[in-house]
Every structure is written in structure tokens, then in C-alpha cells.
Amino acid sequence: MAASSSSAPGRLETVRRFVNTRDIEAGTDATATPPDLSRWLREAELLDARTEVTAAQVRQASTLREALREALVANHSGGPIPPDTIAVLNQVAARAQVTLSITADLGWVARPRAGGVEGALGTLVTIVADAMTDATWARLKICINDTCRWAFYDHSRARSGKWCSMRVCGNRAKQQTWRARREP
Ligand SMILES: [Zn+2]
């Protein structure tokens, strides 16, 4: 299998990868500078080569990424997304001028009218909105290991996955519980 076992289906995988541009455990950020963000968005086919990226847009992208991380934490419990997080997602959609178009087959599509980085970030929010309607969103989660917080897609039948990978974070958590039990 080419895709990793924690990959999300379809375009939702782009959102998962975007959240994981910051590797908390390694302390790295693949979108830390304007050239980095430009490269990442171009590779994700969200931006064309001619677009200039500013430092302010790097901050906007980072704010969206961390808001998405918080939103994905809520998917473990199925609880509500925190209001501040919702506000960020709506702000990004507004800045991108996300517009609804009705289609001939009684469906609809939401697309950003803005181009550039604003449009690219807006597209990520429309992918999130689509995933919320088709229920794949609820399976996109953040690893509960606090030092990891990696975004993963929960393929488990019961939708009860908690860790990015049972082999790494799951086992680590179990060992800690085991050790804690042995403490006198
Ligand atoms: Zn993890």
C-alpha cells in the first residue's frame, strides 16, 4: 500500500497533511517562511507558481492549521468545536470569499472567489465543509499523545482510534500506564 494507514480519503488527505506541516514532536514546521508556504501550497496544487507569499499570510496559514488541530481534537468525543476555532474557520472562508453555487443535479459546490494564498486556505476550509457533510470528518483526529498531536484518519470499525499509530504512540501510552501502575 502506497498510502500510509492513517491517510484520509480523497481531498481530506490534503487537510490532514496541512495540519501535519508542523511536527510537534520534531519541532519542525514545513510552512514556517513565505518560500516554504509557497512550495507546500504549490505541491498540494492549491497555488500557482507566480503567487507571492507574505509573512502575514504565513501567520494566517499557521492560525488556520492550529484551529484545524483544535477542531480535530473534538472528533474524539464528537463534542462541539470550540467557538474560537469556529471563528478562525469562518474568518478564513470570508477572506477567501467562499461562494455557494447550485448545480444542475440539485447539488451545490462551495468555492473561493479569491485567488492566491487566501483562496488556497479557503479551499482547505471548503474541503473541511465537504467532509462534514459526508461524515468522513468525524474520523479525522489528533493523536491524544500530547507530545505528538499528529493528525490521522481513524480507519477503525468502531471509530475509537486514539493514537496516530498503535505501534508508536499507542504502545508508548500503554507502557506509561503500566509503569505508573507499578509505582509503589
Ligand atoms: Zn501520535
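Here Q176 clears all of (1) free of Cβ contacts under 8 Å to residues at least 40 places away in the same chain; (2) more than 29 Å from A93 (Cα to Cα); (3) near the ligand (Cβ under 10 Å from one of its atoms) except the condition numbered (3). Condition check for R50 on (1) over 29 Å from M166 (Cα atoms); (2) at pLDDT 95 or above; (3) open to solvent by 70 Å² or more (accessible area, probe 1.4 Å); (4) not hydrophobic (A, V, I, L, M, F, W, C): one failure, at (2).
The numbered conditions (1) under 20 Å from G78 (Cβ atoms); (2) within 21 Å of the chain's Cα centre (by Cα); (3) open to solvent by 20 Å² or more (accessible area, probe 1.4 Å); (4) more than 10 Å from the ligand (Cβ to nearest atom) are all true for T123 except (1).
Every residue in the stretch 8-20 that is more than 16 Å from the ligand (Cβ to nearest atom) and either in a helix (DSSP H, G or I) or open to solvent by less than 70 Å² (accessible area, probe 1.4 Å) (or both), please. Show your work before the answer.
Of the stretch 8-20, the ones more than 16 Å from the ligand (Cβ to nearest atom) are 9-15, 18.
Result: P9, G10, L12, E13, T14, V15, F18.
I'm trying to understand the selection: among the residues of the stretch 150-163, which are within 8 Å of the ligand (Cβ to nearest atom), touching a residue at least 40 places away in the same chain (Cβ under 8 Å) and either open to solvent by 30 Å² or more (accessible area, probe 1.4 Å) or part of a helix (DSSP H, G or I) (or both)?
Residues of the stretch 150-163 that are within 8 Å of the ligand (Cβ to nearest atom), as a first pass: 150, 152, 163.
From what is left, the residues that are touching a residue at least 40 places away in the same chain (Cβ under 8 Å) are 150, 152.
Scanning the stretch 150-163 gives a single hit, W150.
Screening the stretch 130-149 for residues that are away from the ligand (no atom under 16 Å from the Cβ) and without any contact (Cβ under 8 Å) to a residue 24 or more places away in the chain and picking the one that is farthest from Q97 (Cα to Cα) gives A135.
The values are calculated or read from the model by the stated rules, or taken from the named source; none is laboratory data. This structure is a prediction, so every number in the text was calculated from the model and none was measured. Quick reminder, even Gly has a Cβ in these numbers, built from the backbone with ideal geometry, and neighbours come from all protein chains shown. Just the protein is used for accessible areas: all its heavy atoms, side chains included, with ligands, DNA and RNA removed. Shrake-Rupley method; radii C 1.70, N 1.55, O 1.52, S 1.80 Å.
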